[in-house]
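S.K.: Once you've had a glance at the structure underneath, I'll fire off some questions.
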Amino acid sequence: MAKIALITGITGQDGSYLAEFLLKKRYKVHGIIRRVALEDKTHRLWRLRKILKKITLHAASLESYASLVKIIQRVKPNEIYHLGAQSYVDYSFKDEFSTLNTNINGTHYLLSAIKDFSPKSKFYFAGSSEMFGKVKKVPQNENTPFYPRSAYGISKVTGHDLTRNYREAYNLYCCTGILFNHESPRRGFEFVTRKISHSVARIKLGLQRKVILGNLEAKRDWGHAKDYVEAMWMMLQKKKPDDFVIATGKQHSVRDFAKLAFSMVGLNYKKYIEIDKNLLRPAEVQTLLGDYSKAKRVLKWKPKILFKNLVRDMVESDIKFVKRSGY
Ligand code: NAP
Ligand code: F7E
């Protein structure tokens, strides 16, 4: 019998790659989307375009426990991947209330619904390296203390605590993947890597003159989203639930990313970047570097796509995208 997966946040970068990955593994894939997405499929479901006919979408709200219970009862999933969240750190400084509400309550409602109506469903929670924030140790692993620096980071620490508590108190199969930054041609345009790759393409094609950025010295451990969704699935295939750091173990600055991305189209980044202090965050996460040795040992997972190839994938894809769309 085919396994059934339910994905929240299926319209996002990771949700769309995960859905494709699970379809290849012959899962029946269901996704929870916001009702408004059904009214504007062209824009809001663009990442799912190629697989829309192969998946089942359900309109529900992460803010409504009752709506989640209904879907879980109807779908009876073997595995639930909870990726839906207000995921933009910068926005969480502008509206910490909606970030905390959606991210914390959404996770809590799902866990509670699983406990009462589907206790055999395995649950994956999308934790984040933002939980480490102002890092206490380098590199960061599963035992590194958390010091979140934004409402987003706080919401993920709470989600992680809830996930562990439901595992320990109610014996549910619940895992947190503590994923470091992962990017792809499907990344949202507001995140720095996509902002850069998209601008590089537009500048090269004569549609834009400059790209305006904030902190160029922030360092991140950047991987490719395709590798990371595989790790999510691997976590739910073990006998016992556990939490894992997923990272590449390599660090680069925003400046490094920009330099490489511009060089791929034969341009010198220094000529095209302007700094706007308004883009600096009230509390910045200056450096993140992951130690994924537990995932390597227990899950046999390791990243396959290296930084250089990630940047190339994004720039090449954006050149095609800009030529096609003119945007
Ligand atoms: P993404 O592209 O921003 O996707 C977020 C998803 O959540 C979208 O499907 C979005 O739906 C949905 N969503 C947002 N607010 C919602 C709300 N109020 N109600 C219902 N759905 C809502 O994020 P991603 O990069 O794929 O990341 C997936 C998950 O991993 C997120 O939880 C993120 O916080 C976490 N994470 C990401 C990274 C990373 O580097 N990418 C690293 C660590 C953790 P709409 O399309 O309707 O907006
Ligand atoms: O910023 C700096 C910015 O917004 C990266 C999310 O997926 O990963 C992501 O969060 C760095 C920061 O991602 C601009 O200050 C400079 O230091 O691309 P970002 P993020 O905040 O690291 C984590 C792991 C998640 O869990 C999140 O969901 O780049 N930066 N100039 C800029 N950032 C943006 N967005 N725009 C700029 O112009």
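The values are calculated or read from the model by the stated rules, or taken from the named source; none is laboratory data. Everything quoted here is computed from the prediction, not taken from an experiment. Quick reminder, even Gly has a Cβ in these numbers, built from the backbone with ideal geometry, and neighbours come from all protein chains shown.
S.K.: Within the range 194-208, is even one residue touching a residue at least 60 places away in the same chain (Cβ under 8 Å), β-branched (Val, Ile, Thr) and within 16 Å of ligand 1 (Cβ to nearest atom)?
M.R.: Within the range 194-208, the first condition is being touching a residue at least 60 places away in the same chain (Cβ under 8 Å), and the residues that meet it are 194, 196-205, 207.
Next, from what is left, pick out any that are β-branched (Val, Ile, Thr): 196, 200, 203.
In the following step, the residues that additionally are within 16 Å of ligand 1 (Cβ to nearest atom) were identified as 196.
Yes, the range 194-208 contains at least one residue that is touching a residue at least 60 places away in the same chain (Cβ under 8 Å), β-branched (Val, Ile, Thr) and within 16 Å of ligand 1 (Cβ to nearest atom).
S.K.: Looking at (1) away from ligand 1 (no atom under 16 Å from the Cβ); (2) closer than 23 Å to Gln140 by Cβ; (3) out of contact with any Ser or Thr (no Cβ under 7 Å at 6 or more places or on another chain), which is the one condition that is false for Ala283?
M.R.: (3)
S.K.: Quick check on the range 221-244. Is at least one of its residues farther than 21 Å from Gly127 by Cα and among the basic types (Lys, Arg)? Walk me through how you get there before you give the answer.
M.R.: To start, the set of residues in the range 221-244 that are farther than 21 Å from Gly127 by Cα comprises none.
Scanning the range 221-244, I find no residue that is farther than 21 Å from Gly127 by Cα and among the basic types (Lys, Arg), so the answer is no.
S.K.: Next up: Quick one: would you say Leu48 is more than 9 Å from ligand 1 (Cβ to nearest atom), assigned by TED's automatic domain parsing to the domain that holds Met232 and more than 17 Å from the chain's Cα centre (by Cα)? Give the derivation first.
M.R.: On the way: more than 9 Å from ligand 1 (Cβ to nearest atom): yes; assigned by TED's automatic domain parsing to the domain that holds Met232: yes; more than 17 Å from the chain's Cα centre (by Cα): no.
Criteria not met by Leu48.
S.K.: Can you give me the number of residues within the range 56-83 that are surrounded by 13 or more Cβ atoms within 10 Å (Cβ to Cβ) and more than 18 Å from Gly15 (Cα to Cα)?
M.R.: Adding up the residues that qualify gives 7.
S.K.: Considering each of Leu172, Leu162, Leu111 in turn, give the residue that is crowded, with 19+ Cβ neighbours inside 10 Å, touching a Cys at 6+ places or on another chain (Cβ under 8 Å) and farther than 27 Å from His252 by Cβ. Break it down into steps so the answer makes sense when it comes.
M.R.: Values: Leu172 fails: touching a Cys at 6+ places or on another chain (Cβ under 8 Å); Leu162 fails: touching a Cys at 6+ places or on another chain (Cβ under 8 Å).
Just a single option satisfies the conditions, and that option is Leu111.
S.K.: Follow-up question, since we're still on this one. Condition (residue is farther than 19 Å from Ser92 by Cβ, among the hydroxyl-bearing types (Ser, Thr, Tyr) and touching a Pro at 6+ places or on another chain (Cβ under 6 Å)) applied to the range 209-228: is it met by at least one residue?
M.R.: no
S.K.: Considering only the range 174-222, state which residues are under 13 Å from the mean Cα position of the chain (by Cα) and among the acidic types (Asp, Glu).
M.R.: Across the range 174-222, the qualifying residue is only Glu183.
S.K.: A further question follows. If Arg149 meets every condition in (1) surrounded by 18 or more Cβ atoms within 10 Å (Cβ to Cβ); (2) under 23 Å from Val229 (Cα atoms) apart from one, which number is that one?
M.R.: (2)
S.K.: Taking only the range 278-311 into account, find how many residues are within 13 Å of Trp222 (Cβ to Cβ) and basic (Lys, Arg).
M.R.: Selection size over the range 278-311: 1.
S.K.: Also, I was wondering about something else. Filtering the range 121-150 down to residues that are touching a residue at least 24 places away in the same chain (Cβ under 8 Å) and β-branched (Val, Ile, Thr), which residue is nearest to ligand 2 (Cβ to nearest atom)?
M.R.: Of the residues in the range 121-150, the ones touching a residue at least 24 places away in the same chain (Cβ under 8 Å) are 121-135, 138-142, 149-150.
If we keep only those that are β-branched (Val, Ile, Thr) too, we end up with 135, 138.
Values: Val135: 13, Val138: 16 Å.
Restricting to residues being touching a residue at least 24 places away in the same chain (Cβ under 8 Å) and β-branched (Val, Ile, Thr), the top hit is Val135.
S.K.: Within the range 114-126, track down each residue that is surrounded by fewer than 22 Cβ atoms within 10 Å (Cβ to Cβ) and either touching a helix residue (DSSP H, G or I) at 6+ places or on another chain (Cβ under 6 Å) or among the aliphatic types (A, V, I, L, M) (or both).
M.R.: Residues satisfying the conditions are Lys115, Phe117, Ser118.
S.K.: Then there is this: Find the residue count for the range 1-38, including only residues that are at pLDDT 95 or above, farther than 12 Å from Thr56 by Cβ, away from ligand 2 (no atom under 16 Å from the Cβ) and outside any loop (DSSP other than H, G, I, E, B).
M.R.: Final tally of qualifying residues: 4.
S.K.: For residues in the range 6-25 being closer than 17 Å to Lys122 by Cβ and surrounded by fewer than 22 Cβ atoms within 10 Å (Cβ to Cβ), which is nearest to ligand 1 (Cβ to nearest atom)?
M.R.: The extreme case among them is Phe21.
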